[in-house]
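**Q** Pasting a structure below so you can have a look.
What follows draws every value from the coordinates through simple rules; no lab data is involved. Fair warning: this is a prediction, and the values are worked out from it, not measured in the lab. Here the Cβ is made from the backbone with ideal geometry for all residues, glycine too, and neighbour counts use every protein chain on show.
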């Protein structure tokens, strides 16, 4: 069984959570893949060892003033520190997604933070709430799941 973690920050409107669920839906369509969702807004700290143990990651954030949510930035800070202790996510297959209310420039910051990961595709960026059948988001999750199967 392959494990994918969909890591995201969502609050208030729930737009990023809705997009995260679509990415997870797509990943879950690949047989033999277990998908876990983690909302960093609900967790005190994300266990970097769990991220390192996963076969793939999907990471999403709302655009806050052309940057990622603070809890997502904290995850990357924690990954950096854990890497110094030998717990690494470097090179792990990854896909990205972001929601925004009109700016959408925060995706550049998200891309910059993930330079040590193996980002498989251009991020899915959605203004406001995604449509319930957003094919682009579902395909993004499916692409990640297929990539972790090919990694063997």
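**Q** Which one is right for this structure if log10 I(q)/I(0) by the Debye sum over Cα atoms at q = 0.12, 0.15, 0.18 Å⁻¹ is calculated from it: (i) -0.52, -0.76, -1.02; (ii) -0.56, -0.90, -1.31; (iii) -0.42, -0.68, -1.00?
**A** Checked against the structure: label (iii).
**Q** When a/c is below 1.5 the answer is rounded, else prolate if a/b is larger than b/c, else oblate, so apply that to region 28-90 with a ≥ b ≥ c taken from the square roots of the Cα gyration tensor eigenvalues.
**A** Because a/c hits 1.5 or more and a/b fails to exceed b/c, region 28-90 counts as oblate.
**Q** Over the chain, what relative contact order in percent results from Cα pairs under 8 Å that are six or more residues apart?
**A** 31 percent
**Q** Here's a follow-up. In nanometres, what is the gap between the two model label sites at residue 132 and residue 80, each 7 Å from Cα along Cα-to-Cβ?
**A** Simple spin-label model gives 4.2 nm for this pair.
**Q** Something else now. Test of understanding: in a Gaussian network model of the chain with alpha carbons linked when under 10 Å, which of 41, 112, 15 would top the mean-square fluctuation ranking?
**A** So, out of 41, 112, 15, the one fluctuating most is 112.
**Q** With n ≥ 4 as the cut-off for DSSP H runs, can you work out [θ] at 222 nm for the chain, using -39500 (n - 2.57) per run divided by the number of residues, rounded to the nearest 500?
**A** -12000 deg cm²/dmol, from helical runs alone.
**Q** Name the residue, out of 55, 133, 63, whose mean-square fluctuation peaks in a Gaussian network model built on the chain with Cα pairs under 10 Å.
**A** 133
**Q** Would region 63-147 count as rounded, prolate or oblate if I go by the C-alpha gyration tensor, calling it rounded below 1.5 in a/c and otherwise prolate when a/b exceeds b/c, oblate otherwise?
**A** Note, shape of region 63-147 comes out oblate.
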